[in-house]
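Down below is the structure, laid out as structure tokens.
Please treat every number below as a calculation from the coordinates, not as lab data. Keep in mind that this is a model prediction, so the values were computed, not measured. Glycine gets a Cβ as well: all are built from the backbone with ideal geometry, and neighbour counts include every protein chain shown.
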Amino acid sequence: MIAGGEDHPVIRVSGLRTRFGQQVVHDGVDFSVAKGEVMGLVGGSGTGKSVLLREIVGLMEPTEGRIEVLGRDTRQLSERERIALQARWGMLFQDGALFSSLTVLENIQVPLKEHTSLPRDLIEEIARVKVAMVGLGSEAGDKYPSQLSGGMRKRAGLARALAMDPEILFLDEPTAGLDPIGANAFDELIGNLQKSLGLTVVMVTHDLDSLYAICDRIAVLVDKKVVVGTIDDLLKQDHPWIHDYFHGPRGRAAGAARG
Amino acid sequence: MMPRGSTRRREGYVQRGTITSAWAEGQFILTAAGRWDIASAQVLETQLRAKAPDRQEASVCLDLSGLTALDTAGALVIDRLLRRLRNQGHQVAVVGARADLCELLREVQRASQGIATPMPLPAGPRFPFVDRIGRVTVAVGQDALAMLNFLGLVTVTLLRLLRAPGRFRWKPFAFHLEQVGLNALPIVGLLSFLIGIVLAYQGADQLRRFGAEIYVVNLLGIGVLREIGILMTSIIVAGRSGSAFTAQIGTMKVNQEVDAMRTLGLDPMELLVLPRMLALLVALPLVAFFANVVALAGGAVMAYAYLDINFVQFTRQLQIAVSATTLFVGLVKAPVFAVVIALVGCYEGLRVTGSAESVGLLTTKSVVVSIFLVIVLDAIFSILFSYLGI
């Protein structure tokens, strides 16, 4: 799949710098994500992948730089604009981050009740449809997060992220902790939802198979900067870390699996 | 760049979804246009409820060619409409949907088909109040048994430790001693001082009527040393440290740290419970003694300010009023209360399962139960001492 023909990027990060005390994590990160694109975000441990994702969704403030999401500078928004913008993206946290005191259905209904004035039965039905769309059985809807397996929690978290029909979906290590079959199924699910809902997806991942399976382009965090390209571009890169990443045994196996 | 983005956004909001209906060639035609998304779903849903063909078994044509955007909420509104119309016995045809929108619609239809109608709740008991009393009684009984079981487990662990005293964890013991003992002194001191003042004031007010102001010292001495000092201290410590025990151990359970200990061959009883309990066992009598002294000091200040009883008189009268036994009768309860507070705190902590919510619930429960037990035991002690004539 080729990135959609939008001239205006959905996300544009420019001149981003992040510093924690003396430690510089990002130093001049620039990249953009086009509409309908699936962007993978990779990098070694401690290179600030999750930090970058948290900065884009506004959970953390970068030290310097500009982040535009859907054409809006996220740091120049009033409270109301921020909430309106947040309704247009969904985020899946690593372990689902479901509210433990609510059932799965109630979790999905939280944003719907908060941000819309839809009738209760429609909200209920939307929640049930989302549960079905992420491939959970209808009996899972009435369960509490602690009664679900890790993979089911991720699916439930995805359903909650999709509750408001967002345009952008942020995923933090969606396949981490899943068995290979579960991980494949999850990749497939994200790919299908992306296509049928026309989502733009940004995912932090360590899973090379996911990169090959669903990512259109990949942003690699190396040397505090970002290198962006398709897998084929990156395979040709001679930066040592990128080379090792894609040409290491796991990278080769994932590449071979793609055929 | 910016203006363009925001124009598009505004367009999106202006272009709400619309629905119009008309009769043409014996067909009821519903025409959908604009953005059928979550923002317009409510309006569309209410409008659609009003727009049904007024003939029986009409053929309905849903024209989707004007749709510019569709999301799952919008698709669900369409899906509900279709289901409703078909249930009413109308023939429905959908025409003109763009291929990608069609796919989404089909996806949602597939998902909504799988939805089982929510199961009706099972009928409740006939007398819910009685049912509840029964359940609570059974739960309390089971809790008490489990707690007794836990006390046994702690005792066994302690005995095992006595055989190999080298295994005792001095570091956590010292840490908790500081936490529950030293760090509790300011708050316990302040509250005891205030209680001393209040007690002296109230006592003085009553005793002055008989011209027996000096007996305020007796009241204070016996009241504080036998009851108030240790009781206040235990309640504060239960709220401060009992809750902390539950929250700490509970959080460790949520993080699977307790499981990790077990797999590493470490005994959580030995590592978590014993240091806390022994630290409290040592600290509580000391803190209670401190509370006694401060409460008496508070009373002495009040007596001086309000009754003109100076410190020398106060001390002399105190010596007459109380003996060493009075002090010990109070302090002998401290170790018992300490064990109860630590036992409840650790027990509830280890009962935490899975979620963060259960940490909160059990922490509350731990404080309530330990304060309850402390007061009940205090009453039992009073009865016991009066039998023994102390």
Given pairs A:LYS113/A:LYS225; A:LYS143/B:LYS51; B:LYS171/B:LYS253; A:LYS49/A:LYS113 and cut-off 29 Å on Cα-Cα distance, the over-length ones are A:LYS113/A:LYS225; A:LYS143/B:LYS51; A:LYS49/A:LYS113
Quick one: which residues, 5+ away or cross-chain, put their amide H under 5 Å from the amide H of A:HIS206? H built at 1.01 Å from N. none
What translational diffusion coefficient, to the nearest whole µm²/s, does the protein assembly as shown have by Stokes-Einstein, given a Kirkwood radius computed over alpha-carbon pairs, a temperature of 4 °C and 1.567 mPa s viscosity? 42 µm²/s
Which value in deg cm²/dmol, rounded to the nearest 500, describes the helix-derived mean residue ellipticity at 222 nm for chain A, given -39,500 (n - 2.57) per DSSP H run of n ≥ 4 and division by the residue count? -12000 deg cm²/dmol
For chain B, what is the calculated [θ] at 222 nm in deg cm²/dmol (nearest 500), taking -39500 (n - 2.57) for each run of four or more DSSP H residues and dividing by its residue count? -22500 deg cm²/dmol
So what's the net charge close to A:GLY58: Lys and Arg +1, Asp and Glu -1, counting the other residues with Cβ under 13 Å from its Cβ? -1
Stokes-Einstein D in µm²/s, Kirkwood radius over Cα pairs - region B:237-299 at 25 °C with 0.890 mPa s viscosity: 180 µm²/s
Beta bridge orientation in chain B: antiparallel %, DSSP, nearest 5: 30 percent
Most fluctuating residue of A:GLU37, A:GLU167, A:GLU139 in a GNM of chain A with Cα springs under 10 Å: which is it? A:GLU139
Taking the simple approach of a point 7 Å from Cα along Cα-to-Cβ for both B:ASN183 and B:TYR387, what is their distance in nm? 4.0 nm
Whole-Hz Karplus couplings 3J(HN,Hα) for region B:227-232, θ = phi - 60° and coefficients 6.51, -1.76, 1.60, Gly and Pro as x, run 10, 4, x, 5, 5, 4
What angle, in degrees between 0 and 90 and rounded to the nearest 10, separates the Cα long axis of helix A:249-258 from the longest principal axis of the Cα atoms of chain A? 60 degrees
Quick shape check on region B:114-273: root eigenvalues a ≥ b ≥ c of the Cα gyration tensor, a/c under 1.5 is rounded, otherwise prolate if a/b tops b/c, else oblate, and it reads oblate
J(HN,Hα) series, region A:13-28, from Karplus relation 6.51 cos²θ - 1.76 cosθ + 1.60, nearest Hz, glycine and proline x: 10, 9, x, 7, 10, 10, 9, 10, x, 8, 8, 8, 9, 10, 9, x
Just the Cα atoms of region B:10-113, one point each, no solvent: what log10 I(q)/I(0) does Debye give at q = 0.14, 0.17 Å⁻¹? -0.49, -0.73
One would report the Cα pair-distance distribution of region B:152-388, bin width 10 Å, in %, as 8, 28, 29, 19, 10, 5, 1, 0
Quick one: Debye curve from the C-alpha atoms of chain A, no solvent, what's log10 I(q)/I(0) at q = 0.11, 0.15, 0.17 Å⁻¹? -0.61, -1.12, -1.38
Overall form of region A:65-200 per C-alpha gyration tensor (a/c, 1.5; a/b vs b/c): oblate
In whole Hz, what ³J(HN,Hα) sequence does region B:178-192 give by Karplus (6.51, -1.76, 1.60; θ = phi - 60°), x for Gly and Pro? 5, 4, 8, x, 4, 6, 8, 4, x, 5, 5, x, 4, 5, 5
Could you compute how fast region A:96-165 diffuses translationally, taking Rh as the Kirkwood radius over C-alpha pairs and applying Stokes-Einstein at 20 °C with viscosity 1.002 mPa s? Give it in µm² per second. 186 µm²/s
For B:ARG163 and B:PHE328 in the same chain, what is the full-extension length gain: residue separation times 0.36 nm, less their Cα-Cα distance, in nm? 56.3 nm
Search the structure for amide H atoms under 5 Å from the amide H of A:THR47, placed 1.01 Å from N in the peptide plane, and list their residues when 5 or more places away or on another chain. none
Compute the helix-to-body angle for B:72-87: its Cα long axis versus the longest principal axis of chain B, expressed 0 to 90° and rounded to tens. 60 degrees
